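The structure under discussion appears below in the form of structure tokens.
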């Protein structure tokens, strides 16, 4: 396990290299490091602006070689998002390092967790939260597949789908309470009265009856959140979700 001191040293070395790299016109610390909420488990999140005329591919290749040679990166993956490319590195000791590269014209805060280290950034642009309507749609879609998987005896897939309904319901609750709704980031800050509805939705064993039981609990919790989001839509979905509960039981 990496230590806080090791994380700080690695971050400072990466930022020092970026400051001496003419291709990088700006750098920022993002995530928990910018918010002052780091703990012993936090990773390193950095964003780099590519100077005008600098090509992404060779710059990214060079930085990847650096991360592998100097910091012994074990593996990495790319997560594109609009003009941004996040290359996520896994280092020994389980430390995660996210390096985001973006053209200088698009280098800007996308969330309050952005602390400029050097260079300049454009005006902040907050990314929209998932829409409640889309979460509702995904919720009933997962529910349809959960019912079918239970009936077909595809228990692993059924577990996946039931969990998906629950996660989308919790995301709806996060939107309702003004919390981050992506990747479960706000779920642990939801009121206990909300999360209590889903306590029995956890599947305790891979058994058709157990999954069906959890599915019925999930549907009730999901429909509660749909009603908070859009009462008229909840009324339209009520008969269908009731049929799903009955057929899964």
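All of the numbers you see were taken from the coordinates with simple rules; none came from a lab. Because the structure is predicted, anything quoted here is derived from the model rather than measured. Every residue, glycine among them, receives a Cβ derived from its backbone with ideal geometry; neighbour counts consider all protein chains shown.
Computed on region 101-249, with alpha-carbon pairs under 8 angstrom and 6+ residues apart, the relative contact order is 21 percent. When DSSP beta bridges are restricted to pairs lying wholly in region 4-118, around 75% turn out antiparallel. Cα-based values for region 111-197, radius of gyration first and Dmax second, are 17.2, 58 Å. As a proxy for reagent exposure, ranking 142, 86 by other Cβ atoms within 10 Å from fewest up yields 86, 142.
When DSSP beta bridges are restricted to pairs lying wholly in the chain, around 75% turn out antiparallel.
Look at (1) 15.6; (2) 13.3; (3) 17.4: the one that is mean projected area of the Cα convex hull in nm² derived from this structure is (1). What percent does the relative contact order of the chain come to when contacts are Cα pairs within less than 8 Å and at least six residues apart? Averaging sequence separation for qualifying contacts and normalising by length gives 15 percent for the chain.
Using the rule -39500 (n - 2.57) for each DSSP H run of four or more residues, divided by the residues of the chain, the 222 nm mean residue ellipticity is -16500 deg cm²/dmol. Given contacts defined as C-alpha pairs under 8 Å and at least six residues apart, what's the relative contact order of region 104-161, whole-number percent? Contact order relative to length: 24 percent. Relative to the longest principal axis of the Cα atoms of the chain, the long axis of helix 4-19 lies at roughly 60 degrees.
Which of rounded, prolate, oblate describes region 4-118, given a ≥ b ≥ c as roots of the alpha-carbon gyration tensor eigenvalues and a/c under 1.5 marking rounded, otherwise prolate only if a/b is larger than b/c? Oblate. With Cα atoms as the point set, the radius of gyration and Dmax of region 132-248 evaluate to 13.2, 38 Å. Taking the fewest neighbouring Cβ atoms within 10 Å as the starting point, the ordered list for 161, 1 is 1, 161.
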